[in-house]
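Right, one structure below, let's go through it.
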Amino acid sequence: MTDIAPGLEEVRTRTFPFPARHFLSVGDLERDEVEALLDLAEGFVALNRQKAKKLDLMKGRTLVNLFFEASTRTQSSFELAGKRLGADVVNMSPRASSISKGETLIDTAVTLNAMQPDILVVRHSASGAASLLSQKVTCQVINAGDGQHEHPSQALLDSLSLRRAFGRIEGLTVAICGDVLHSRVARSNVIMLTLMGARVRLVGPPTLMPAGVDRWGVEVFYDMRKGVAGADVVMMLRLQLERMQGALVPSTREYNRLFGLDREKLGLAAPHVRVMHPGPMNRGVEIDSDVADDLAVSLIQNQVEMGVAARMAVLASMAARLDND
Ligand code: NCD
């Protein structure tokens with residue numbers, strides 16, 4: 001790897017106070033602020049690849065991960081990010097806490113708040129949950145996914161991964177494909193990628209497109225082959241069967257035939273195309289394994305690595321804001 005890990009002093013000087021008190025939506029950031037967070041994250045990518053990964057930018061701070069929905073990547077990367085910055089990290093999982101006894105979101109948050117955490121990272125199945133919570137607690141809140149609404153740190157890590165792969169985001173054609181309706185990843189990425197100057201396409205069956213998508217300022221395709229034609233990036237979304245009430249897709253086999261990413265459909269994209277997926281993947285449904293695992297085209301593992309660095313950038317700058325208060 002050519003990256004040289006910056007020294008602690010360099011990371012310190014690059015760190016700036018987060019522009020907002022909370023990180024609830026990509027809309028909390030301007031374009032130059034996203035660029036600055038990505039620059040900061042670059043330093044953490046290099047740091048994370050060396051043996052000694054630990055800094056003290058969050059020394060004395062407490063980070064609480066409050067996840068009401070299952071998570072592997074997001075929760076563990078916030079945990080690692082907090083620990084690598086020197087914070088104390090507590091993970092609250094529904095089964096082991098009073099959440100399973102019917103304690104409400106607000107009760108749980110107010111209880112945790114009384115323990116004086118500095119940052120609360122929250123994931124919840126209701127859209128707007130993180131925002132509601134931010135009004136009830138005195139600590140800073142990071143939205144790690146609220147229902148179908150937003151997942152801003154995912155968009156940041158995706159932009160980091162893209163900027164490293166292509167050297168830029170401006171001018172890239174990014175086709176976001178699949179279950180757009182249920183995807184907070186899609187919403188946050190549409191906002192961030194558009195902000196950064198990419199051309200965004202949404203691709204999927206009409207039953208999995210949100211109402212009013214024509215007002216999102218993106219191109220919409222109901223035919224996967226047309227949607228990926230010439231694209232620089234194909235970002236696949238998980239078919240979120242757990243959020244579907246009725247039958248929005250005929251069968252997973254039929255869905256795979258029409259909207260699953262395989263070699264044949266990928267062949268229609270630009271020759272240098274890169275494939276993304278936020279995980280967890282339904283292999284053989286929205287994406288075929290030989291595409292997902294082909295390191296020449298797939299950025300999927302890279303996205304996971306970038307997740308830790310991007311979250312370190314968010315946490316370090318949120319802590320810098322706390323230090324300034
Ligand atoms: C996504 C999520 O939970 O919103 N996953 C993730 O954060 N890595 C997408 C998904 O669940 O499909």
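What is the spin-label model distance, in nm, from Lys54 to Gln245 if the labels are put 7 Å beyond Cα along the C-beta direction? The answer from the label model is 5.0 nm.
Label positions at Arg253 and Asn113, each projected 7 Å from the Cα along the C-beta direction, are separated by 5.2 nm.
Counting only pairs 8 or more places apart or on different chains, how many lysine pairs in the chain have C-alpha atoms closer than 29 Å? Lysine pairs meeting both conditions in the chain amount to 9. I need the helices of the chain that pass two filters: whole DSSP H segments spanning 20 Å or more by Cα along the axis, and mean Kyte-Doolittle score no lower than -0.5. Helices meeting the span and hydropathy rule in the chain are 31-48, 152-166, 300-324. Looking at the chain alone, DSSP beta bridges between its own residues are antiparallel in about 5 percent of cases. Considering the chain at the alpha-carbon level, its Rg and Dmax are found to be 19.4, 56 Å. With contacts taken as Cα pairs under 8 Å and at least 6 residues apart, the chain reaches a relative contact order of 21 percent.
For Leu261, the residues whose amide H sits under 5 Å from its own are Ile287, Asp288, ignoring neighbours fewer than 5 places away on the same chain, with H placed 1.01 Å from N. Ordering Val273, Gln245, Gly178 by the projection of their Cα atoms onto the charge dipole of the chain, which places +1 on the Cβ of Lys and Arg and -1 on the Cβ of Asp and Glu, puts Gln245 at the extreme positive end.
No lab work stands behind these numbers, since they all come straight from the coordinates. What you see is a predicted model; the values in this text were computed from it and never measured. Positions of Cβ are backbone-derived with ideal geometry, glycine not excepted, and every protein chain shown enters the neighbour counts.
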